[in-house]
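Following: one structure in structure tokens, then a few remarks.
Since every read-out is calculated from the coordinates, none of them should be taken as a lab result. Keep in mind that what you see is a predicted model, and the values were worked out from it rather than measured. Please note: Cβ atoms are built from the backbone with ideal geometry, for glycine as well, and neighbour counts cover all protein chains shown.
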Ligand code: FRU
């Protein structure tokens, strides 16, 4: 009883991360920029804070940080729940679904049968900047009679002048690539997979081109999430890098002829990420965010009356390190620094009002550990850093408060360090109940939620090294 009272008292609502006013959310959907607004649609249950009755919720922002939640954009109906999918702007009215005045915003989503018998792909059209959508009269536009066939991501492929849709055959661990001239008639071009991690469900693919940093080379990034059902007890996003010609995705292979893959994020809480479509050319960034949660404990996160948040939007780029391509992620620069000296590093401070950003730099690290602890006021801890023995970066939230005794939540997460360098840089953002850790300028990232009794903490360096630590308060200028 006491426990319940305590939980309801704690306000875990983050300051910079998107959360709904109330109820359940999961995957980001339909990310698109249109007429000066960043749109964020999301999997939403208007009837409670558990998964079910999936609708598309909606929020818009001018700066990717301040979100205005709007009324539900697409409602479930008697036949189908509205599962994940994407939005495009049909600039040339290729679909013929425009109103003759403005280009329509078209959502391509999975209709998941209420009786669970099949999943089909459907369209919905908006003529009012995503505020309201009308379902296409001849839905579904793609029905191959499959049960687990979902999460269409659609984009315009300039070279072939076609729309491309990639989607997951979840239980088969494959991606199907379709093309279309009009968003209505779709033709199968190819399949990719199984590859990388398999044996579980594949969900929420994304595919986009990036220029490799400091070269003129263009490579394609294919991201797909894996819902680990029976084996390791967490879900994660994996990334393949290769070439795409409008028909086939050719993945880079290693010296044994195996497809190369990497994790997008090594923490527990980065899933179903999606990148924004139609980012203005003069901006040019590829920006994505993910659902900051895991299928394995999302039902139990102690936040009331909302459940689920998004990560911060991040810029993704590609780097060639040690003769391999790697994705690099950094938080969007829109995060505004309010006060550079806002946090005293060795004392508990009132950090409840803002989110905070920290930079740690360790120079001349010679085969030694660089381990740090966040010691929270009520005794909880989060430990992270570099372990020399196995050359790995890690985060450990096994003593971080609510849920941390559960193995699927508390298990230490680690990643082999990619960079071979004796300077270590750690950049992280803490926002009430989450930490996003960017090691080595974003080559290795961990996203984790945590539920401590008080968000006040001290930072401690647990290793006998010299570390420079700086901190800033983040937020929006009042
Ligand atoms: C991923 C997912 C998707 C599906 C949606 C349903 O988290 O399982 O595959 O479309 O959530 O809410």
>> Within a 10 angstrom radius of the beta carbon, how do 301, 160 rank from fewest other beta carbons to most?
In response: 160, 301
> Using a simple spin-label model with points 7 Å from Cα along the Cα→Cβ vector, what separation in nm is obtained for residue 63 and residue 321?
Replying inline: 3.1
> Mean 1/r over all different Cα pairs, inverted: what Kirkwood radius does segment 370-478 give, in Å?
Replying inline: 14.6
>> Shape verdict for segment 17-311, please, from the Cα gyration tensor: rounded (a/c under 1.5), prolate (a/b greater than b/c) or oblate.
In response: rounded
> Going 7 Å from the Cα of residue 260 toward and past its Cβ, which residues in segment 237-254 have a backbone nitrogen under 15 Å from where you end up?
Replying inline: 239-244, 250-254
> If you stretched the chain out fully between residue 391 and residue 181, how much longer would it get, using 0.36 nm times the residue separation minus the C-alpha to C-alpha distance?
Replying inline: 70.7 nm
> Between residue 364 and residue 171, 0.36 nm times their residue separation minus their Cα-Cα distance comes to what?
Replying inline: 64.7 nm
> Classify segment 11-79: rounded, prolate or oblate, from the alpha-carbon gyration tensor (a ≥ b ≥ c, eigenvalue square roots; a/c under 1.5 rounded; otherwise prolate if a/b is larger than b/c)?
Replying inline: oblate
>> What distance in nm lies between label points placed 7 Å from Cα along the C-beta direction at residue 218 and residue 160?
In response: 1.4
> Which peptide among 361-374, 213-226 comes first, and what is the full order, when sorted by highest mean count of other Cβ atoms within 10 Å?
Replying inline: 213-226, 361-374
>> Can you classify segment 1-138 as rounded, prolate or oblate using the Cα gyration tensor, where a ≥ b ≥ c are the square roots of its eigenvalues, rounded means a/c under 1.5, and otherwise it's prolate if a/b beats b/c and oblate if not?
In response: oblate
> Hey, what does the equivalent ellipsoid look like for segment 207-279, semi-axes from the Cα gyration tensor as sqrt of 5 times each eigenvalue, largest first, whole Å?
Replying inline: 24, 17, 12
> Ordered by packing density, taken as the mean number of other Cβ atoms within 10 Å over each peptide's residues, highest first, how do 403-409, 442-448, 282-288, 69-75 rank?
Replying inline: 442-448, 69-75, 403-409, 282-288
>> Could you tell me the calculated FRET efficiency between residue 134 and residue 47, based on Cβ-Cβ distance and R0 = 30 angstrom, to the nearest 0.05?
In response: 0.85
> Between residue 304 and residue 470, how many nm apart are label points set 7 Å from Cα along the C-beta direction?
Replying inline: 4.2
> Could you give the length gained on full extension between residue 13 and residue 406, defined as 0.36 nm per residue of separation minus the Cα-Cα distance, in nm?
Replying inline: 139.2 nm
> Once every DSSP H run of n ≥ 4 in the chain is given -39500 (n - 2.57) and the sum is divided by its residues, what mean residue ellipticity at 222 nm do you get, rounded to the nearest 500 deg cm²/dmol?
Replying inline: -500 deg cm²/dmol
>> Among 268-279, 105-116, how do they line up by average Cβ neighbours within 10 Å per residue, starting with the highest?
In response: 268-279, 105-116
